[in-house]
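Derivation of every value follows stated rules applied to the coordinates shown; laboratory data play no part. Fair warning: this is a prediction, and the values are worked out from it, not measured in the lab. Please note: Cβ atoms are built from the backbone with ideal geometry, for glycine as well, and neighbour counts cover all protein chains shown.
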Amino acid sequence: MRSTLHTTDLLQPLFFALCAAGALAAMPAHALTLRVESVQLPTSTRAFPGDSSGAKAANSYCLTCHSAGMVLNQPDLTADAWLAEVKKMKDTFKAPVPPDQLPVIATYLASIKGKK
Ligand code: HEC
């Protein structure tokens, strides 16, 4: 059996190619200007205080995206609120914290910044 080649088989890819070319041509030239920029990032040597397992976990898992100051300058929170905060870091911001370390970190934070 022979397959028949229809004109539409050829027109469709041609149509898409023309659309793509049209889209590129429509882009203003300045849209693709690349510049070299340099920025000075703030540095911080501040770490989570202590050498408990919680402090170690916080120093291992909580300093990749922001400083300890970001955490330590928050208002005092209840233990539940700290747990919710640490879970938010993992679930929403994808902090790579092992699940068993979540309560360890939350308990530690509640011990140094807990709301009585
Ligand atoms: C993957 C990146 C990432 C990691 C790792 C991370 N965080 Fe965050 N954290 C963020 C971002 C992004 C914000 C800012 C959220 C905003 O501006 O609303 C933030 C903000 C915070 C805040 C401020 C309050 C808030 O909710 O915005 C606290 C407290 C905090 N992080 C605690 C922690 C703790 C504790 C850890 C370790 C378990 C941690 N973070 C690890 C991304 C991260």
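Find the relative contact order for the stretch 53-113 and round it to a whole percent, using C-alpha pairs within less than 8 Å whose residues are 6+ positions apart. Provide the component values of the computation, followed by the final result.
Details: 46 pairs, mean separation 32.1, N = 61.
Taking the mean separation of contacting Cα pairs over the length of the stretch 53-113, I get 53 percent.
I need Ile105, Ile112 ordered by Cβ neighbour count within 10 Å, fewest first. Before the final figure, lay out the partial values.
Values: Ile105 29, Ile112 17.
Going from least to most buried by this count: Ile112, Ile105.
Got a sec to turn the phi values of the stretch 51-63 into Karplus ³J(HN,Hα) couplings, 6.51 cos²θ - 1.76 cosθ + 1.60 with θ = phi - 60°, whole Hz, x for Gly and Pro?
With coefficients 6.51, -1.76 and 1.60, one gets 10, 6, 4, x, 5, 5, 5, 4, 5, 7, 10, 10, 10 Hz.
Quick one: net charge of Gly114's neighbours, Cβ under 11 Å, K/R +1, D/E -1?
On the way: positive: Lys113, Lys115, Lys116; negative: Asp76, Asp80.
Once positives and negatives cancel, what remains is +1.
Among rounded, prolate and oblate, which fits the stretch 53-113 when a ≥ b ≥ c are the square roots of the eigenvalues of its C-alpha gyration tensor, a/c under 1.5 means rounded, and a/b larger than b/c means prolate? Don't jump to the answer; show the numbers that get you there.
On the way: a/c = 1.27, a/b = 1.17, b/c = 1.08.
Taking the square roots of the gyration eigenvalues as a ≥ b ≥ c, the stretch 53-113 is rounded.
Taking the beta-carbon count within 10 Å as an exposure proxy, list Asp76, Asp100 from fewest neighbours to most.
In increasing order of surrounding Cβ atoms, one gets Asp100, Asp76.
Return Tyr108, Tyr61 ranked ascending by Cβ neighbour count within 10 Å, so the fewest neighbours appear first. Don't skip to the answer; put the middle values down first.
Details: Tyr108 24, Tyr61 19.
Lowest to highest Cβ neighbour count: Tyr61, Tyr108.
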